[in-house]
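Since the structure comes first, as structure tokens, the remarks are kept for the end.
The values are calculated or read from the model by the stated rules, or taken from the named source; none is laboratory data. Note that the structure is a prediction, hence the values are computed from the model and not measured. Counting neighbours? That spans all protein chains shown, and the Cβs are built from the backbone with ideal geometry, glycine included. Note: areas computed on protein heavy atoms with side chains; ligands, DNA, RNA excluded. Shrake-Rupley method; radii C 1.70, N 1.55, O 1.52, S 1.80 Å.
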Amino acid sequence: MTFNSKVAIVTGGSRGIGRAICLELARSGATVIVNYAGNEAAATEVIQKIEAGGGTAAAIKADVKNSDEVKNMIKEVTDQFGGVHILVNNAGVTRDNLMMRMKDSEWQDVIDINLSGVYNCTKSVIKLMLKQKYGRIINVTSVVGQIGNAGQANYSAAKAGVIGLTKSMARELASRQIRVNAVAPGYIDTDMTAQLSQDLKETIEGTVPLGRLGAPEDVAKAVAFLASDNANYITGQVLNVDGGMVMQ
Ligand code: NAP
């Protein structure tokens, strides 16, 4: 098993892409901490599914934008499971609006959760990973952090920030063999994209070279690869999981 005796925290692990990442890491032997913001039933379902497959998992409610809650979560995981080897910064929200109509709260929420959340969680595990002499951090950014999107200035700015943070952390931690990478999903079929009309989904599909929206599992497999020893010479990279939408 690739992740035997490894402990992984997946923020926003209760639904969508995070849920698929939890299941994928657990299938490969990791003990998985399913972080969530409020949807306890969804987090419990993920735990039950992992346990039914013979894996080990626990759920912890913590708002990633709140540094105290994040510190408490890391302490709880360390006390109970002995360390944190893999951190997947996946939690994210959208508050879409054209810039001229955007409310300050819509801007701030997205920056606080999608960017400062990554800062809070990363900062809280670094000393631990240095002490363990082992750490893999994978941040979930987005293609819109690379190419922008009308109506998503807040989200694009946060996701572009995550890319900069990923590269800086990769440089800071490389000498200690702690690897930091990002995945950039395109359009993935989750609750986040559920409100898109069928027409718009078909239009998007038309712009994706591979001709379909992505599934959460497509992203989960890329995250598991980056967390594994198969990626031991990869750090500071952004791996697009977007059906070919953005080629650079
Ligand atoms: P989703 O289905 O809406 O799920 C969001 C997850 O984040 C839920 O588990 C939610 O917990 C959690 N969450 C939200 N706010 C949080 C907070 N403040 N603290 C802790 N957890 C929080 O979203 P998704 O589509 O899977 O997206 C996952 C990640 O992929 C996000 O970073 C998103 O930006 C990125 N992404 C998604 C797409 C896409 O097309 N779907 C594309 C590119 C990038 P609760 O269940 O408790 O609410």
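Here are a few things to note about the model shown:
- The Rg/Rh ratio for the range 114-248 is 1.00, where Rg is the radius of gyration of the alpha carbons and Rh is the Kirkwood radius.
- If the Kirkwood radius is taken over C-alpha pairs of the range 65-127, then at 37 °C and 0.692 mPa s the Stokes-Einstein diffusion coefficient equals 252 µm²/s.
- Relative to one another, the C-alpha centroids of the range 178-216 and the range 29-84 are positioned 26 Å apart.
- Taking label points 7 Å from Cα along the Cα-to-Cβ direction, N232 and M100 give a separation of 5.6 nm.
- Estimated vicinal HN-Hα couplings, Hz - the range 142-151 in sequence order (Karplus 6.51, -1.76, 1.60; Gly, Pro = x): 6, 4, 6, x, 9, 10, x, 7, 4, x
- Under 5 Å from the amide H of I188 lie the amide H atoms of G214, each residue being 5 or more positions distant or on a separate chain, with H modelled from the backbone and absent for Pro and chain starts.
- Derived scalar couplings ³J(HN,Hα) [the range 155-168; Karplus, 6.51 cos²θ - 1.76 cosθ + 1.60; whole Hz; x for Gly, Pro]: 5, 5, 5, 5, 6, 5, x, 5, 5, x, 4, 4, 5, 5
- Here is the size of the range 7-238 from its Cα atoms: Rg then Dmax, 16.9, 51 Å.
- Taking every C-alpha pair closer than 8 Å and separated by at least 6 residues, the mean separation divided by the residue count of the range 7-238 gives a relative contact order of 20 percent.
- Under the simplified labelling scheme, the E205-N149 pair shows an inter-label distance of 1.8 nm, with each label point 7 Å from Cα along Cα→Cβ.
- Think of a 1.4 Å ball rolled over the protein heavy atoms: the range 127-186 then has 40 Å² of accessible area per residue.
- Length-normalised contact order of the range 183-239 in % [C-alpha pairs under 8 Å, at least 6 apart]: 45 percent
- Under 24 Å from the Cα of K131 - lysines, other chains or at least 8 residues apart: K6, K71, K75, K123, K167
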